[in-house]
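In what follows, a structure is listed as structure tokens, so that the remarks can point back to it.
The values are calculated or read from the model by the stated rules, or taken from the named source; none is laboratory data. The structure presented is a predicted model; accordingly, all values stated were derived computationally and were not measured. Because the Cβ atoms are built from the backbone with ideal geometry, glycine has one as well, and the counts that use them run over all protein chains shown.
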Ligand code: PLP
């Protein structure tokens, strides 16, 4: 009925979805309040009031042509506003000509892959990674190549990364703040990566794109900042969305913003537009382009996510879990108390805790907690974490 490849992929089915489904089953047995579901990264907070007000205003408008096809790259005025938003901390400014509106970050990633990859070309991904990257690459005839991070910091292992670059390497995906670790890659580490990329580009004679997948860029704590990658790399592509920052995950709106230093930005934009059209997206949703254009300074309440991080991080630390303290996003990635992360996550289920094994992110031995959840659920779940930890101390 379906292709062998898709059938194979279905068998490997996402751990996140699997735990989410198991959560629903446990809730039916034990009751909603007695199951602690940390499986999925669905933004907890409703979009800001201003976003909803703008949406209402546009829906009520009688302006003609609002619902028609448009340039595949999106409305030029919206793209210009997005460019200006990115320019706030940029050295060499970009304009609407460098920005394409997309169907979320996922749509943007597929457009990028479709545009830059010839069959068999390689894309480096840095574990732990968002597992969908593998499919975004394979969907578009590329080959994912994994490199690891230092577990003490979750910064990329740059020596290993350099060793993996060959003449087939077309791109490197970075994701900072990171899903699943919450870590922001340091500026020093990104600059060291830029030096490696520049050296290798000269050796192999073609660009290596650095694709910076940034849906968590607005969700950052402790007054930290994630650097603007366009200041660090030459051939960089920012892929971003408003799924997490404005709580609009179901509405599917995001963008690709290319570095103005890229050699032929016109050709690249033509490629993106072609890919957006022929992958079937055609263009990003018109209504949501209009809404976000007026909401670029807005975000959900980041402090609320920070409170959740602090309660969980402090409690888990106090009961013996090893972790790197996240700088952003809404995930924690502690070390499992046994080597087998899948067995650990299964054990946690006995305490009605739904966690996702690190294996689902290419990083066994760890597990992910997605804390974009109700604060009261977090408070109720703390004794369950304590019992789970105690079960490994005997
Ligand atoms: N990239 C990362 C790292 C993510 O965590 C997600 C969603 O969870 C996406 C991309 C996809 O984002 P969007 O919903 O905007 O397509």
Looking only at residues that are in a loop (DSSP other than H, G, I, E, B) and out of contact with any strand residue (DSSP E or B) (no Cβ under 9 Å at 6 or more places or on another chain) in segment 167-198, which one is nearest to the ligand (Cβ to nearest atom)? 186
Selected residue (criterion: nearest to the ligand (Cβ to nearest atom)) from residues of segment 240-255 that are in contact with a helix residue (DSSP H, G or I) (Cβ under 6 Å, 6 or more places away or on another chain) and assigned to a loop (DSSP other than H, G, I, E, B): 243
Scanning segment 45-95 residue by residue, those within 22 Å of residue 247 (Cβ to Cβ), buried (at least 16 other Cβ atoms within 10 Å of the Cβ) and out of contact with any helix residue (DSSP H, G or I) (no Cβ under 7 Å at 6 or more places or on another chain) turn out to be 47, 48, 82, 85, 86
For residue 263, only one of the following conditions fails: (1) within 22 Å of residue 41 (Cα to Cα); (2) in the same structural domain as residue 179 (by TED's automatic domain parsing); (3) more than 23 Å from the chain's Cα centre (by Cα). What is its number? (1)
Hey, could you check segment 351-376 for residues that are surrounded by fewer than 17 Cβ atoms within 10 Å (Cβ to Cβ) and out of contact with any helix residue (DSSP H, G or I) (no Cβ under 8 Å at 6 or more places or on another chain) and say which is nearest to residue 16 (Cα to Cα)? 374
In this structure, does residue 237 turn out to be surrounded by fewer than 22 Cβ atoms within 10 Å (Cβ to Cβ), within 16 Å of the ligand (Cβ to nearest atom), at pLDDT 95 or above and over 27 Å from residue 44 (Cα atoms)? no
If only one of 81, 68 is assigned to a helix (DSSP H, G or I) and either in the same structural domain as residue 348 (by TED's automatic domain parsing) or away from the ligand (no atom under 16 Å from the Cβ) (or both), which one is it? 81
In segment 114-166, what residues are part of a helix (DSSP H, G or I), touching a strand residue (DSSP E or B) at 6+ places or on another chain (Cβ under 7 Å) and within 14 Å of the ligand (Cβ to nearest atom)? 133, 134, 137
